[in-house]
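Computed from the coordinates by the stated procedures, all read-outs in this text should not be read as laboratory data. As the structure is a prediction and not an experimental result, all values here were calculated from the model. Don't worry about glycine lacking a Cβ; one is built from the backbone with ideal geometry, like all the others, and counts go over all protein chains shown.
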Amino acid sequence: MNLLHIPLIKALLKNRWPQFTIIVIALAGFILAILSGFFGTPVGSRNFGIIFVWIAWWAILMLVAVPFFGRGWCGICPIPAPGEWIQRGAMLGPRGQAKGATLSKSKGLGRRWPKRFRNIWLQNGSFLLVALFSTVILTQPRVTAIVLVAFLFVAVGASLIFERRAFCRYLCPVGGFIGLYSQLAPVEVRVVDTAVCKSHTEKTCYTGNDDGYGCPWDVFPPGMVKNTYCGTCMECLRTCPHDNIAINIRAIGTDLSVERNRKLDEAYKAFIMLGAAAVYSAVLLGPWGTLKLAAYSVGTLPWMAYATSFLTLILLALPGIFWLMVWFGKRLSDASQPTKKLFISQAYALIPLGLTAWIAFSLSFVFANFSYVLVALSDPFGWGWDLIGTAGIGWTPWLTNLTPFLQVGVLVGGFIWAAITSSKIASEKLDAARAARLSTPVIGFCLVFTLTLMGLLIA
Amino acid sequence: MNEKLARIFVIVLLLGGSIAIGISWWSDQVDVITLHARMPEEGGWTPADLTIEAGQPLHLHLTSDDVIHSFAIGQSDQPAVDIKPGEMTKLTLTFDQPGTYTFYCTRWCGANHWRMRGTIIVTGEEVEQADESPLYLELGLDIDAVHEAQVVPDEKPSVQRGKETFAQFPILNAQTYQSLDYYRSHSPEQVWQEMRGDEMLTSHTDQQLWDAVAFIWQSNTTPEALLEAEELYAENCAACHGVSGAGDGVFSGEQVPVTGESHDSQTGHEIVHATDFTDPYHILSTSPAASQGKLIRGGMGTGMPMWGVISTEEQTWSLVSYLYSFQFEEAQ
């Protein structure tokens, strides 16, 4: 079903104002988070920066935006906005500029992103960098503010040096996993008919025209078969003169069945996210004080031991065990494909497992701490304000009785989804019996991971 | 036109919002002092020194940057106010008398909780008051001298039994031993030794005389004073000296002297354990005057804080009496 057949949705998405308004409001919130980090109370539970970034935004992102809208957040993210405004020399969009301007031409240096980095390895690295310091970032408003400012500066810098949204596509630590998990979303931006695109020699969806910019994400819409790198910015919707863009409602996880473009960097992203969910669950929610202290004591010997273990688990142990499982599966099924190729393709089964792991992890603290959001709204700096009369609300955990059941449901669902995905991927080149033999060890891996996370989160 | 509108929208929202926040902050600061409380290791009170004119209201916004603290003023009836992390507690104080007041934390916020103090200097025309020296100075006691009782009782002296024994004392002797001045200037051991050498009391056993000492200590205080002292002890002393007085409080051994007396080549500090009030050799050889001196002056580098600026004289004497209760079996 193409949502653009609904006139109101089409009008809202084609018009630049609704999106622009949301971005500016989000930017105001982003700046408030930075200001409160620097000038507000250092007590995380009463600081807007901590509460809004790590509880409110995170809840919206992991429980709503990513599962239901894929990269929907990227379409309204305020971080690249200032850089993009400078790059374009405009805030709102083309109509306000001199007619006939080459809208895709950058006001910055406009360089192409280096070819060797046209993958998500840098995003894998930037996520790990943030993850290693996460206990400090998540609890200290000033550190959160520094990280947010750093994001802003890097995004502006990338916009000035490179064309389009280089930061979002290649550097953003969050964008990497949003892209990975957006493959599961029940919505997609696609072209209606590729034949129309073939005959459209100007390719304005990529180059831009008077109605909009060339794809900021450096994606060629007619060739798009997955959500991974589509930032849902809607520029192609505005620039296509043939009304050939669709926003389709589809079955969840459709992109996982697409054989094309399965890559090692994305496979590793799946491991990084899977491992990080487990480590966060142990460190942030587990009962081990020594582990918490080590993760918190940045720069000390215990922290270095923690960081080394964290990286070893995520980059070596998990992929290593998974490689062994795939190797076993290959032996059992007598598959002819190289182990590396099987390893990469089977790793895509970890994408639903990873998303559900993050949802289960987020459920642990989002509802329990959501009452802080009302307090932070009323007194964002902890200066004694009471803007909306909710500053005096005490900590009130919500749905704590229900949370474990939700978590079990989500984790079991994720495991089943991963098992089905593994079997489907295995079936692409093998008959049913051999495919089952190939995927059995992988499913075993997923089961052990699910039980481990269940133990960490619930037991 | 659209682009201009967009720019105005951004400027109004972002710049206007920032200016509104700045103005709100500025207006909150007029005539108000925001007092930040942090664990002493992280800086204690900020600012730690406040000045106000006598009779003028001192508007305080109290907030904690880490754990729960409490704000109280020494030698004052002002009730302690809790300061919760990230919350702003508003308090207005007015001081009628010029002088220097000490404000302090009453919550066990950390190992160095007792260091969390600040001063309020109240300016104005000071009324001259008689300067009374504490008793230990009048008596010329060296309260830092090492001392140990030569004689201690075989069993815990009983106030009840002591009362019965004391009733048998000749009146004149009884009046001497029970007088306030005598009690405050002598250690229990000294009193026992003098009784033991008293020709009128030779018929009493050693234990009976220890019981009489217990009664003398009990009769120089009141149940109300002991009750108040028990609360003060729990609030201010038990963290180091322990609820049972055995020097085994949660922060015992974590105290470090601020400067000097360093025996630890690595940290520059030595660990000082809190005094064990259940140790008869120590406490029975300490006079109430010496105990009061330690309380009001502090331990000078041992981790024992000075309470002279916090507790009233009456409270200090009550606490002194309470400390000896760890040695004596109270009357039922």
statement: Scaled by the rule-of-thumb 2.2 N^0.38 Å, the alpha carbon Rg for the stretch A:262-457 gives a ratio of 1.26
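Please list the equivalent ellipsoid semi-axes of chain A, computed as the square roots of five times the alpha-carbon gyration tensor eigenvalues, in descending order and whole angstrom.
34, 32, 20
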query: Taking θ as phi - 60°, what are the ³J(HN,Hα) couplings along the stretch B:274-280 by the Karplus curve (6.51, -1.76, 1.60), each to the nearest whole Hz, with x for Gly and Pro?
result: 5, 4, 9, 6, 8, 7, x
- prompt: Label B:ILE23 and A:MET1 with points 7 Å out from Cα along Cα→Cβ: what is the distance between them in nm?
  reply: 4.8
- request: Arrange the following residues from fewest to most other Cβ atoms within 10 Å of their Cβ: A:CYS230, A:CYS236.
  value: A:CYS230, A:CYS236
Cα centre as origin, Lys/Arg/Asp/Glu Cβ charges: the stretch A:262-457 dipole, Debye: 880
message: Rounded to the nearest 5, what % of DSSP beta bridges with both residues in chain A are antiparallel?
response: 90
task: Please work out the ratio of the alpha-carbon Rg of the stretch B:55-186 to 2.2 N^0.38 Å and round it to two decimals.
output: 1.64
message: What is the distance in Å between the Cα centroid of the stretch A:223-250 and that of the stretch A:423-459?
response: 33
message: For chain A, which cysteines have no second Cys with its Cβ under 4.7 Å from theirs?
response: A:CYS74, A:CYS77, A:CYS168, A:CYS172, A:CYS197, A:CYS215, A:CYS230, A:CYS233, A:CYS240, A:CYS446
HN-Hα J in Hz across the stretch B:296-302 - Karplus 6.51, -1.76, 1.60, θ = phi - 60°, x for Gly and Pro: 7, 8, x, x, 6, x, 9
message: From the C-alpha coordinates alone, can you work out the Kirkwood hydrodynamic radius of the stretch B:32-123, in Å?
response: 13.0
- request: Answer with one residue from A:PHE367, A:PRO352, A:TRP327: the one whose Cα lies farthest towards the positive end of the charge dipole of the stretch A:323-448, charges on Cβ with Lys, Arg +1 and Asp, Glu -1.
  value: A:TRP327
message: With N set to the number of residues, divide the alpha-carbon radius of gyration of the protein assembly as shown by 2.2 N^0.38 Å and report two decimals.
response: 1.31
- prompt: Over the Cα atoms of the stretch B:137-240, how large are the radius of gyration and the largest Cα-Cα distance (Dmax), in Å?
  reply: 15.1, 45
field: Theoretical gain in end-to-end length, A:VAL298 to A:PHE405 [0.36 nm per residue, Cα-Cα removed]
entry: 35.0 nm
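As an exercise, use a Förster radius of 45 Å and the Cβ-Cβ distance of A:PHE38 and A:ILE9 to find the FRET efficiency, rounded to the nearest 0.05.
0.70
Among A:SER126, B:SER287, rank each residue by its count of other Cβ atoms within 10 Å, from fewest to most, as a rough exposure measure. Before the final figure, lay out each step's value.
On the way: A:SER126 20, B:SER287 24.
Exposure proxy ranking, most exposed first: A:SER126, B:SER287.
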query: Which listed residue (B:SER76, A:LEU152, A:LEU12) has the Cα farthest towards the positive end of the charge dipole for the protein assembly as shown, taking +1 on Lys and Arg C-beta and -1 on Asp and Glu C-beta about the Cα centre?
result: A:LEU12
statement: Non-local residues with an amide H under 5 Å from the amide H of B:THR34, with H modelled 1.01 Å from N and Pro and chain starts lacking one, are B:HIS61
query: How large is ³J(HN,Hα) for each residue in the stretch B:59-75, as worked out from phi by the Karplus curve 6.51 cos²θ - 1.76 cosθ + 1.60 (θ = phi - 60°), to whole Hz, x for Gly and Pro?
result: 8, 10, 10, 9, 9, 9, 9, 9, 10, 6, 10, 8, 10, 9, 10, x, 6
- prompt: Across the stretch A:246-301, how large is the tail of the calculated P(r) beyond 17 Å, expressed as a percent of all Cα pairs?
  reply: 62
query: Most fluctuating residue of B:PRO280, B:PRO305, B:PRO47 in a GNM of chain B with Cα springs under 10 Å: which is it?
result: B:PRO47
field: Descending semi-axes in whole angstrom, ellipsoid equivalent of chain B, from the Cα gyration tensor
entry: 52, 21, 17
- line: per DSSP, antiparallel bridges as share of beta bridges in the protein assembly as shown, % nearest 5, sits at 65
Choice from B:GLU228, B:GLU189, B:GLU42 showing the highest fluctuation, given a GNM over chain B with Cα pairs closer than 10 Å: B:GLU42
- prompt: Excluding same-chain residues fewer than 8 positions from B:LYS4, which lysines have a Cα within less than 24 Å of its Cα?
  reply: A:LYS14, A:LYS99, A:LYS105, A:LYS107
field: Cut-off under 5 Å, modelled amide H: who pairs with A:LYS203 long-range
entry: none
field: Residues A:LEU61, B:LEU91 arranged by fewest to most Cβ contacts within 10 Å
entry: B:LEU91, A:LEU61
- request: Could you size up the charge dipole of the stretch B:132-332 around its Cα centre, putting +1 on the beta carbon of Lys and Arg and -1 on that of Asp and Glu, and report it in debye to the nearest 20?
  value: 200
task: Could you size up the charge dipole of chain A around its Cα centre, putting +1 on the beta carbon of Lys and Arg and -1 on that of Asp and Glu, and report it in debye to the nearest 20?
output: 1140
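Where does each of A:28-39, A:176-187, A:302-313, B:18-29 land if you order them by average Cβ count within 10 Å, highest first?
A:176-187, A:28-39, A:302-313, B:18-29
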message: For B:ILE120, what residues show an amide H to amide H distance below 5 Å, using hydrogens built from the backbone and excluding near sequence neighbours?
response: B:LEU50, B:TYR101, B:THR102, B:PHE103
- request: Find which of A:ILE247, B:LEU226, A:ALA276 sits farthest along the positive direction of the dipole of the protein assembly as shown, computed with +1 on the beta-carbon of Lys and Arg, -1 on that of Asp and Glu, about the Cα centre.
  value: A:ILE247
